[in-house]
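Reviewing the structure listed below.
The values are calculated or read from the model by the stated rules, or taken from the named source; none is laboratory data. Note that the structure is a prediction, hence the values are computed from the model and not measured. When we count neighbours, we look across all protein chains shown, and the Cβ atoms used for this are built from the backbone with ideal geometry, even at glycine. Ligands, DNA and RNA are excluded from the accessible area calculation, which covers all protein heavy atoms including side chains. Shrake-Rupley method; radii C 1.70, N 1.55, O 1.52, S 1.80 Å.
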Amino acid sequence: MAILSALLNLLFPPPPSLFVSAMSAISLVSLARAGFEEMKGTHLQYSKFQNVNPSTKEKIQLSSKSGMLLLYTPAFLVGAASFFVFPHEGLRTTFVQSALTLHFFKRVLEVLFVHKYSGTMALDSAILITLSYFLSTATMLYAQHLTQGLPEPPIDLKYPGILLFFIGIFGNLYHHYLLSKLRGSGEKEYKIPEGGLFGLVICPHYLFEIIEFYGISFISQTLYAFSFTLGTTFYLVGRSCATRRWYQSKFEDFPQHIKALIPFVL
């Protein structure tokens, strides 16, 4: 009862929408399952895992840059369109719209101007991730729209959420920049990352992405936002642990004190 009471103080009431309620459960379970599969060694085929899980059936491949643009552009367009579909719905909704749109706009800009790509991405993995980002963004915005007319949660988290969001987005950008500097012109080989929090964890960019999404959840204070963020946490925990194992297998001098995601812990 104490946990339920705390949740009622933090969240808007569940929306009268079967779609949003179902998506809350689906997002959490599917992302958590994907994270578990990453831990087991069954990976979505992009980045350094593009050639794992070999199949007897030849898969259609995209260049990594084209694949990444496909991943982020539809979600960015959904966020931008929300300002016209759900205009003037209050400060909280505007913050959620702005945060989601800025997140995916930043990712598009990183693909175009920051990251250096050398491989390919399986089309089926690209489509799966694109649909996940597109549907989750659209659902989060729709769930926020459904809070119109509802009483605000007794505990207002939107301003702490804004702080978390900006810590997350700048931390993520900084560590993506450090990754981009690992390769010189024409180089394709992976190297052990250095700088920032890379001396403590191998995936600080994932850590800051998690912080960013918790910031969005705090701004939103809807059940769907927290369900998606919790699922994303499970997925990125699995992906970061798999990434650490990959570096250990490729580099004999990989520092064993470097954790996967959380300094000194995991």
Subset of the range 87-111, residues in contact with a Ser or Thr (Cβ under 7 Å, 6 or more places away or on another chain) and touching a residue at least 40 places away in the same chain (Cβ under 8 Å), comes to 96, 97, 100
Residue 201 passes all but one of the listed conditions (1) open to solvent by 10 Å² or more (accessible area, probe 1.4 Å); (2) among the β-branched types (Val, Ile, Thr); (3) over 17 Å from the mean Cα position of the chain (by Cα); the exception is number (1)
Open item on the list: Condition check: touching a residue at least 12 places away in the same chain (Cβ under 8 Å), open to solvent by 40 Å² or more (accessible area, probe 1.4 Å), β-branched (Val, Ile, Thr) and touching a helix residue (DSSP H, G or I) at 6+ places or on another chain (Cβ under 8 Å). Does residue 219 satisfy that?
Closed with: no
Of the residues in the range 235-254, those that are in contact (Cβ under 8 Å) with a residue 60 or more places away in the chain and over 28 Å from residue 28 (Cβ atoms) come to 250, 253, 254
Taking the range 222-266 and the residues there that are part of a helix (DSSP H, G or I) and charged (D, E, K, R), the one that is surrounded by the most Cβ atoms within 10 Å (Cβ to Cβ) would be 239
Residue set 144, 148; condition polar (S, T, N, Q) and open to solvent by 60 Å² or more (accessible area, probe 1.4 Å); output residue 148
